[in-house]
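To keep things clear, I will list the structure first and then write my remarks on it.
The values are calculated or read from the model by the stated rules, or taken from the named source; none is laboratory data. The structure presented is a predicted model; accordingly, all values stated were derived computationally and were not measured. Using ideal geometry, Cβ is built from the backbone for each residue, glycine included, and neighbour counts are taken over all protein chains shown. Quick note on the areas: whole protein, heavy atoms, side chains included, nothing else; ligands and nucleic acids left out. Shrake-Rupley method; radii C 1.70, N 1.55, O 1.52, S 1.80 Å.
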Amino acid sequence: METQLTRDILKKVRQIEVRTNRLVNDSLAGSYNSVFKGRGMNFDEVREYVPGDDVRAIDWNVTARTGIPHIKKFTEERELTIMLMIDISGSGEFGSSDSSKREIMAEIGSVLAFSAVRNNDKVGLILYTDFVELYIPPKKGRSHILRVIREILFFEPRGTLTDLKVPLDFINRVAKRKCVAFLISDFCLPGSFEDSLQELLPALKVSNRRHDLISLIISDPRESELPDVGWITLEDAESGQQVDLNTSDAEVRHQYASLARQRRESTNRAIRSCGVDLLELSTDSPYVPPLLGFFQTRMRRAVR
């Protein structure tokens, strides 16, 4: 049984690799490379000053020691670290179409990971609920990426709740240098929604100052709109709380949609108020076109 399970896992990982590699090759590789460039400059060497060099680059210590003007040479730091922070709480198991929110998160994480490895960047992984369930430090290489994908797809969480402050605080502790950090979640916040959102803001602001933070919100259409199917029982996948609703009542459907819209707008407004880039994706729509559009928007913004 274990052998069969292992084969099934490897088969699924291979399917994801083939699919996402094709997407990366066909659509995203150039955009990724253009958007996420190196951060800063690395010291290369000291050489003698020649006329025309920028005098601001003079190394005064070496110049004083040798009696001959020298300058410092720098090279662009191309290598990046990509950190994938993926929500694996209970609400991610929901999906009204072919894929659950967690499966979409896994595919998006895989696309970003393969884009990174094609550009010789490091990739790290943080899987979280209301605590960090798994941390894989950033590394390069195909075998490392395949491990990352395997964990995203098949890791069994111990927790069910969501606390988005957890991965943000964690990355600020473990990432000593600036990285590109993708916070991937459905943003189903526990307790009082508005209170939880306000408590999240300081962590978003701090992480965005230290890193290039990008929020990806994965939703399902049934979270925004109820079908007319009579009485149904809705259950919170994280808390287990249940509520009965008569979906044949147009006013019930209207109130449900109105509350969902208000929460979505509040979430987006709060994230953007922290200067964090935001991309919304749904389980019932292809994610590559909006992801590509998002990259292109950032690229245009970067060259202004």
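Remark: accessible surface ordering of Arg261, Arg47 (largest first) is Arg261, Arg47, probe radius 1.4 Å. Of all the Cα-Cα pairs you can form in segment 56-130, what percent are over 20 Å apart? Above the 20 Å cut-off, segment 56-130 has 57 percent of its Cα pairs. Ranking Val111, Val206 from most to least accessible surface, computed with a 1.4 Å probe over the protein chains only, gives Val206, Val111. With a 1.4 Å probe rolled over the protein heavy atoms of all chains, the accessible area of Arg301, Arg264 falls in the order Arg301, Arg264, largest first. Accessible area per residue for segment 152-304, computed on protein heavy atoms with a 1.4 Å probe, is 54 Å². Only protein heavy atoms count here; under a 1.4 Å probe, Phe155 has an accessible surface of about 40 Å².
For segment 58-174, carbon and sulfur atoms together expose 49% of the accessible surface, with a 1.4 angstrom probe and every protein chain in place.
Annotation: Leu164 carries an accessible surface of approximately 10 Å², with a 1.4 Å probe and no ligand, DNA or RNA atoms counted. Protection proxy ranking, highest mean first, for peptides 277-287, 190-200: 277-287, 190-200, where packing is the per-residue count of other beta-carbon atoms within 10 Å, averaged.
The gain in end-to-end length when the Thr247 to Gln296 segment is fully stretched comes to 13.6 nm, 0.36 nm per residue minus the alpha carbon separation. The HN-Hα couplings worked out from phi for segment 107-115 by the Karplus form 6.51 cos²θ - 1.76 cosθ + 1.60 (θ = phi - 60°) are 5, 5, x, 5, 4, 5, 5, 5, 4 Hz, whole numbers, x standing for Gly and Pro.
Taking θ as phi - 60° and the Karplus parameters 6.51, -1.76 and 1.60, the scalar couplings of segment 89-101 work out to 6, x, 5, x, 6, 7, x, 9, 10, 5, 10, 7, 4 Hz in sequence order, x denoting glycine and proline.
Pairs with C-alpha atoms separated by more than 23 Å, drawn from the list Lys101/Lys178; Lys122/Lys178; Lys101/Lys140; Lys101/Lys205; Lys72/Lys205, are Lys101/Lys178; Lys101/Lys140; Lys101/Lys205; Lys72/Lys205.
Atom-type composition of the exposed protein surface of segment 212-252 places 46 percent of the accessible area on carbon and sulfur (1.4 angstrom probe). A probe of 1.4 angstrom, applied to the heavy atoms of all protein chains, finds Cys179 with accessible area near 10 square angstrom.
Backbone amide hydrogens, once placed in the peptide plane, bring Ser282 within less than 5 Å of Ser219, excluding anything fewer than 5 places away on its chain. Normalised Debye scattering of segment 105-157 at q = 0.12, 0.17, 0.22 Å⁻¹ gives log10 I(q)/I(0) of -0.24, -0.47, -0.76, counting only Cα atoms as equal scatterers and leaving out solvent.
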